[in-house]
Amino acid sequence: MPSTHERVLSVQALRKQYGATVAVDGISFDVGRNEIVGLLGPNGAGKTTTINMILGVLEPTAGSILIEGVDLAKRRSQALERTNFAAVYSPLPGNLTVQQNLRVSGLIYGVKGLSARIEELLVQFDLVRFRDTKCGVLSSGEQTRVALAKAMLNRPQLLLLDEPTASLDPATAKDIRARIREFATRGTGGVLWTSHNMYEVEEVCDRVLFVSRGKVLLEGDPRALPREHGKASLEELFITVAREPLALERA
Amino acid sequence: MALNRAAAIVLRQFYLIRGSPSRIFPLFVWVAIDMVLWGFMSRYLNSVTAPGLDFVPALLGAVLLWDFLTRVMQGVTMAFFEDVWSRNFLNVFATPLSINEYVGGLVLSSIATSSIGLLVMLLVAGAAFGLSLFTYGLMLVPFLLVLFLFGIALGIFGAAVVLRLGPSAEWFVWPIPAVVSPFAGVFYPLSTLPEWMRAISHLLPPSYVFEGMRTIVAGGAFSGTSLLWGVGLAVLDILLAGWFFTRVYRHAVRTGLIARYSAESVS
């Protein structure tokens, strides 16, 4: 568990309820600096709902979210200035070029030395030749690289990635994982990552949280957790969480 | 309010318009066609009515002013629709951008696009039909101000309706000026209207502009106090529209509509 000054994200007793349906049921967790935390769980477990609340586009029913100690509910802009995200379901507008999209996002995030930063990211994410290409005509892998370049624009302290490698071929996915790993180890930020690819999670994440029915059921090192729960692999543990969450809750 | 964030919305609109003939042409083509159509209509009416009556400043001028209001409104809604059409809400609202900055960006975009429309209308109406808005004297400034403010209010209101009801609700927004115009007395004095319509007219800022315009064209004295009501109402309408947009946005954040906007899950 990261100490207070090392936390880039602190979520406490977060809850989201729609009428009688509880989507997120009082979950608490932290993300530390230089840490990649995996948020795992079956479809409908509450992962994206949690990420949407951290991004400020969904109001929690209860609980608090602090980004680098800044309360999202009270100082939204200041909290989100330190954050950025990439999600497979939120591509950048296809009717703008790569460079135009990065420039517009850079202005929104108030990035200093924006032109130089864009050039740096175009090189880093191998996008130079697509600079003046409209995002809508890029392949899935290229669009993901643009989304990640956008997510890195403001050198965020908290990077939220919702299935960033979904729909990518294995080679591109490996490349993307390496870049995110590099972001976490070289900078001062932390990453909250959701994925359904357990191989990827084992390779990338320092810590995982298994979420089911809006609650955190398990937390720990993705390489040690399966053994601790008598499972052969993280994938087997995931299937147990998805099918028999009550058994794990009782344990 | 951070200006750079509002400027991001304007820059996005500039990029979109610059690279797209289908966005450039509507800025001036339809208003130019309107000027030609109503210009000839005014000329025809001049030829069949009593000598001395000039329909150019009264009729063509009214169309020009009404088109200006419509372009101001559409400047706001079109900029908003770009985010709807490209399913861009998450990239806009999951950022430090505040609602005030976002709406400010929409308004600034509208100032730029509606100014182009106004300029084209002035050129066509002036060159082809001899219309000069200077006929209205110094009142021209408050006339344009009231119409601009009310156009902004309608634009923000329209954007809020689409945010609340979903992408298909844009079809509620396009006809708003047509719905308002009979009450605003664009082409006829308010005295023409029945009592109940006139009561509504008095709540609409443009009605003060068009009444004033006709009075000036007819050579009568127009009271500035009356126009002050128009300015006051237009400012009030902007505040109400801003309040409505914020309320709809908060509802969308509470229900998750922003994150799942294209699903139209909220009726």
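The values are calculated or read from the model by the stated rules, or taken from the named source; none is laboratory data. Just so you know, these numbers come straight off a predicted model, no measurement behind them. Please note: Cβ atoms are built from the backbone with ideal geometry, for glycine as well, and neighbour counts cover all protein chains shown. We work out accessible area using only protein heavy atoms, side chains counted, and drop any ligands, DNA or RNA first. Shrake-Rupley method; radii C 1.70, N 1.55, O 1.52, S 1.80 Å.
See the values below:
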| item | result |
| --- | --- |
| Single condition residue B:20 does not satisfy, out of (1) out of contact with any helix residue (DSSP H, G or I) (no Cβ under 9 Å at 6 or more places or on another chain); (2) open to solvent by 40 Å² or more (accessible area, probe 1.4 Å); (3) within 14 Å of another protein chain (Cβ to nearest Cβ) | (2) |
| Residue in segment A:51-60 that is under 16 Å from the mean Cα position of the chain (by Cα), in a helix (DSSP H, G or I), more than 10 Å from every other protein chain (Cβ to nearest Cβ) and under 27 Å from residue A:243 (Cα atoms) present | no |
| Residue among B:15, B:44 that alone is more than 10 Å from chain A (Cβ to nearest Cβ), among the hydroxyl-bearing types (Ser, Thr, Tyr) and assigned to a helix (DSSP H, G or I) | B:44 |
| Helices (runs of 4 or more DSSP H) completely within segment B:134-196 that count 3 or more residues being surrounded by 16 or more Cβ atoms within 10 Å (Cβ to Cβ), on the phi < 0 side of the Ramachandran plot and within 16 Å of the chain's Cα centre (by Cα) | B:140-165, B:176-184 |
| Test result for residue B:216, among the β-branched types (Val, Ile, Thr) and either modelled with pLDDT of 95 or more or under 18 Å from residue B:148 (Cα atoms) (or both) | no |
| From B:109, B:86, residue being within 14 Å of chain A (Cβ to nearest Cβ) and surrounded by 24 or more Cβ atoms within 10 Å (Cβ to Cβ) | B:109 |
| Flag for residue A:142 being farther than 26 Å from residue A:46 by Cα, outside the structural domain of residue A:205 (by the TED database) and at pLDDT below 95 | yes |
| Residue satisfying condition, being over 29 Å from residue B:11 (Cβ atoms) and within 11 Å of chain B (Cβ to nearest Cβ), within set A:48, A:21 | A:48 |
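Residues checked against (1) aromatic (Phe, Trp, Tyr); (2) touching a Phe, Trp or Tyr at 6+ places or on another chain (Cβ under 7 Å):
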site: B:183; (1), (2): yes, no
site: B:197; (1), (2): no, yes
site: B:205; (1), (2): no, yes
site: B:208; (1), (2): yes, yes
site: B:211; (1), (2): no, no
site: B:223; (1), (2): no, no
site: B:234; (1), (2): no, yes
site: B:249; (1), (2): yes, no
